[in-house]
Amino acid sequence: MQTPSTSAPTEINLETLCAWSAPRRIQTKHGPRLLRKAPTDEAFWAVWRSGKDQLKAAGIGVGKNDCGEWEVSWWLPLDPAVLAKERAIAEASRATDAQIEIPCPEGLAYLGYQKAGIAFARRAFTEGKRGILLGDEMGLGKTIQAIGIINADPAINRVLVVCPASLKLNWKRELAKWLTRPLRVAVQSSASGWVGPMADVVIVNYDILKKFDADLRAGGWDLLVADECHFVKNPKAQRTRALLGQGKTVPPMPAQRRVYMTGTPICNRPKEIFGLIASLDPETWPSFFTFGKRYCDGKHNGYGWDFDGASNLDELQEQLRSTVLVRRLKQDVLIELPAKRRQVIELPAEGKVAALVANQVEEADRAEERLIEARHRVEMAKLADDLDGYAAAVEELKAGEQAAFEEAARIAKEVALAKVPFVVAHVRDAIAEENEKGGFKKVIVFAHHHEVIDALKAAFGGVAVTLDGRVKLEERQAAVDRFQADPTCLVFIGGIHAAGVGITLTASSHVVFAEIDWVPGNMCQAEDRAHRIGQRDSVLAQMLVLE
């Protein structure tokens, strides 16, 4: 750079000023910047003392790093062409139509936004991206888009589809319906041998990835599709390591292209999405620590770093959209889809039920008092520098937290069972009210505990079907089909987790939650079994709670 003559008549060559590192992209409060760093030396300090203002104006700063050592930072703007390209990608991530021809079976057609999603993926693969995160809201046909990607690319000949066990048969049916290429499809089960040699498309559930790990990695895949990919949000879980890998010890599942799919990219906290986006775009997301400080409100709490928070979420969304995420909402692309309404209904707590509720509140208060005391003992041991006492106090705290959780779960189960008669009466009233109008109203009921599901099934008998984790895979679709098509089947009773993803229950527009899940995102997914393509009525989701 040429310094102004009013300060110093010397010319400073910034490129040779220091031994710069390679440029690294950093998201700042002023937008994306490139950052290069270098250690300080005497030559730098001499230039700094004589031309500090000019260096600052050029984006040069100096400070101490985490190790307490001085270092130089050089902040550079991004190339305008790069920024323009990213803006175009972000716009494409919201697109509701695309002028693109995609092979489609006769009698079927992709909706405009589905074509735009397929076009987004094709563009990403053409530009050398590892993959995309297809995050359309639930019910918009992500499975159809994934199959459209296969139809549109003749280079995709070997496909691995990983999904929850409850969705394997649904994937097989959708592939048979939408696939235009002569690819052989096989569903892998835990009881059978490896089906890979007999298939071009292998459908496998997350829970058996480890069992077939060697076979799955043997040949590599042209396309890996991970449906409901929030199932691998825990980096310590076996299925996460099998799919995404773990550091340098476990490589990710080998695939030329990747499509990760979920209607809830972030179920609870931003940290849950990092493993997925780092797998798809490691250049943009190379470090969890950097990600955590910027988007997880990362703070050092005295024991270590806490990344359980959330920060700069609008910025995170735009950064994701300009790289790997394509996401459209129902309100944006399906104008004809009716609204969804939520209603909390308080049930009377009388007699035994009232005693259970009171016990639940009292036990929660007692547990909180015990945990406060345990945390106090941990702090006191830490201040006293008592290592043995600190370790014992931490173990006591962990045991107390586990005991409190188990007791809360036990009482919650008792309360849920006590609510069953109220739930049954509420559902019967809903059905009777509609029948008086001359129609057959169907109601979807979600619960968590098997005992609650069994009690509901016993109450409704032959007019109900159930779907939870105990139902065999081949029987699950039969339960869905009967509820959808049989006018005498009025009640669908499902587990929030087992029946909350992947299936279509548009025969009903009335959803009742007999129990409340710990994670609100799971309930959103469950109620969207009714609020999806094919629904003609406004969906009412009711949460039944005791007063």
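The values are calculated or read from the model by the stated rules, or taken from the named source; none is laboratory data. Since we're looking at a predicted model, the values are computed, not measured. Every residue, glycine as well, gets a Cβ built from its backbone with ideal geometry; the counts of neighbours run over all protein chains shown. Note: accessible area is taken over every heavy atom of the protein model, side chains too, but ligands, DNA and RNA are not part of it. Shrake-Rupley method; radii C 1.70, N 1.55, O 1.52, S 1.80 Å.
Can we say C524 is touching a Lys or Arg at 6+ places or on another chain (Cβ under 8 Å), surrounded by fewer than 21 Cβ atoms within 10 Å (Cβ to Cβ) and over 18 Å from W171 (Cα atoms)? Taking the combined requirement at face value, the residue does not satisfy it. Note on the stretch 147-195: among residues that are of a type in the set (K, R) and open to solvent by 40 Å² or more (accessible area, probe 1.4 Å), the one that is modelled with the lowest pLDDT is R173.
The numbered conditions (1) out of contact with any helix residue (DSSP H, G or I) (no Cβ under 6 Å at 6 or more places or on another chain); (2) open to solvent by less than 20 Å² (accessible area, probe 1.4 Å); (3) more than 25 Å from L111 (Cα to Cα) are all true for Q535 except (3). One residue stands out among those in the stretch 154-177 that are free of Cβ contacts under 8 Å to residues at least 40 places away in the same chain and touching a strand residue (DSSP E or B) at 6+ places or on another chain (Cβ under 9 Å): the one that is farthest from C267 (Cα to Cα), which is A176. Does at least one position in the stretch 302-309 carry a residue that is part of a helix (DSSP H, G or I), at pLDDT 90 or above, over 19 Å from A95 (Cα atoms) and open to solvent by less than 60 Å² (accessible area, probe 1.4 Å)? For the stretch 302-309, residues part of a helix (DSSP H, G or I), at pLDDT 90 or above, over 19 Å from A95 (Cα atoms) and open to solvent by less than 60 Å² (accessible area, probe 1.4 Å): absent. Looking across the stretch 519-541, the residues that are within 24 Å of the chain's Cα centre (by Cα) and farther than 20 Å from C229 by Cβ come down to E527, A530, H531, I533, V539, A541.
Which one of these is modelled with pLDDT of 85 or more and surrounded by 11 or more Cβ atoms within 10 Å (Cβ to Cβ): L55, L78? Going through L55, L78 in turn, the sole match is L55.
Residues being crowded, with 23+ Cβ neighbours inside 10 Å and touching a residue at least 40 places away in the same chain (Cβ under 8 Å): count how many of those fall in the stretch 472-495.
8
Could you please give the count of residues in the stretch 66-75 that are exposed (fewer than 12 other Cβ atoms within 10 Å of the Cβ) and touching a residue at least 24 places away in the same chain (Cβ under 8 Å)?
So the count comes out to 1.
Residues in the stretch 484-528 that are under 17 Å from A541 (Cβ atoms) and in a helix (DSSP H, G or I): P520, G521, N522, M523, C524, Q525, A526, E527.
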